[in-house]
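The values are calculated or read from the model by the stated rules, or taken from the named source; none is laboratory data. Just so you know, these numbers come straight off a predicted model, no measurement behind them. Glycine gets a Cβ as well: all are built from the backbone with ideal geometry, and neighbour counts include every protein chain shown.
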Amino acid sequence: MEATAFVPGHVTGFFSAHPHEDPNRAGSRGGGVALSHGVETTVREGSGLTLDGEAIAVGPVERVLDALGVEARVACETPLPLGSGFGVSGAMALGTALAANAAFGLARSENDLTALAHRAEVESGTGLGDVVAQARGGVPLRLEPGAPGHGAMDGVPGRSRVEYLALGELSTEDVLAGDTDALSAAGERALATVRETPTLPAFMDASRAFADGAGLLTDDLRDVLDAVAEAGGTASMAMLGETAFCLGTGLSDAGYDPAVCRIHPPGAGLSD
Ligand SMILES: Nc1ncnc2c1ncn2[C@@H]1O[C@H](COP(=O)(O)OP(=O)(O)OP(=O)(O)O)[C@@H](O)[C@H]1O
Ligand SMILES: CC(C)(CO)[C@@H](O)C(=O)[O-]
């Protein structure tokens, strides 16, 4: 009656928002990176949600438990900050779905559990594409929006060190609730260029161009991205957080002291 799942963190480099009244069909197109830093979620009998030992309320997790019709004690552990563009809410939702299914013998399939967590994120307004990307792993490209069975995915092949520097929080709910037309147009352009050249350098260049076009950069974040460029690297903004990320050693070459992880090739799954 206890199970643990690991879900990679996910940094979106560029995206376009595609709302739809059916949450299975709502989602985003775009590209991102699944991280070896993620969320470990343990589900057992009881009640209450904790993140790194602290009680917390996260809408998508509550929706997942409701949809599965179970009450459970959910404990999440992560090195990643919440609200900073790492898809932590999506990882908690998907981890809860995978671990609750195992702990309570619910006999649901992976697509079913991913769709359930995707709907919970969309209905909470906390994300559009993180869950499907986290279920896949690697460097996911979301070609068509939506849950498994509706969306379509591809990926950029490649392995790399990833560095990140979190400066502050940005509310995903607030940005998604605003006007996303200009941002989405920039996201569609970025996706088209990476589909043409599906390499890691092209992914980073497209992400950097999107960060300029999306109009979400703060002065502090722009300073960090400029310093990395001056040191000969490319860093961009983790959507949607006040966070810089890069592949390789760009942030440390520019004199920062970033957190370091790697691209995580596999998707979310149960832990041994
Ligand atoms: N202290 C807190 N800071 C930020 N969010 C919090 C906090 N406590 C609870 N929450 C809830 O956690 C969720 C955070 O979702 P959000 O989508 O902003 O973060 P994320 O998934 O980590 O990042 P992102 O979607 O930008 O990649 C929201 O539902 C929010 O209400
Ligand atoms: C909307 C988003 C940037 C929030 O993290 C993400 O869910 C995505 O890329 O769809």
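Here are the numbers for this structure:
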quantity	calculated
Index of the failed condition, Pro60 passing every other in (1) assigned to a strand (DSSP E or B); (2) under 15 Å from Thr78 (Cβ atoms)	(1)
Single residue of Ala177, Ala214, Ala182 found to be at pLDDT below 95 and within 11 Å of ligand 2 (Cβ to nearest atom)	Ala214
Residues being within 11 Å of the chain's Cα centre (by Cα) and either without any contact (Cβ under 8 Å) to a residue 40 or more places away in the chain or on the phi > 0 side of the Ramachandran plot (or both) - total across the stretch 73-88	3
Condition met for Ser109 (among the hydroxyl-bearing types (Ser, Thr, Tyr) and either touching a helix residue (DSSP H, G or I) at 6+ places or on another chain (Cβ under 7 Å) or crowded, with 17+ Cβ neighbours inside 10 Å (or both))	no
Residue count for the stretch 38-54, restricted to those that are assigned to a strand (DSSP E or B), surrounded by fewer than 24 Cβ atoms within 10 Å (Cβ to Cβ) and away from ligand 1 (no atom under 12 Å from the Cβ)	4
Leu191, sole failed condition from (1) in a helix (DSSP H, G or I); (2) at pLDDT 95 or above; (3) more than 15 Å from ligand 2 (Cβ to nearest atom)	(3)
Index of the failed condition, Ala91 passing every other in (1) buried (at least 24 other Cβ atoms within 10 Å of the Cβ); (2) in contact (Cβ under 8 Å) with a residue 60 or more places away in the chain; (3) more than 11 Å from the chain's Cα centre (by Cα)	(3)
Segments classed as strands (runs of 3 or more DSSP E), wholly inside the stretch 202-271, with at least 3 members that are hydrophobic (A, V, I, L, M, F, W, C)	242-247, 259-262
Of all residues in the stretch 55-72 being among the small types (Gly, Ala, Ser) and touching a residue at least 12 places away in the same chain (Cβ under 8 Å), the one that is farthest from ligand 1 (Cβ to nearest atom)	Ala72
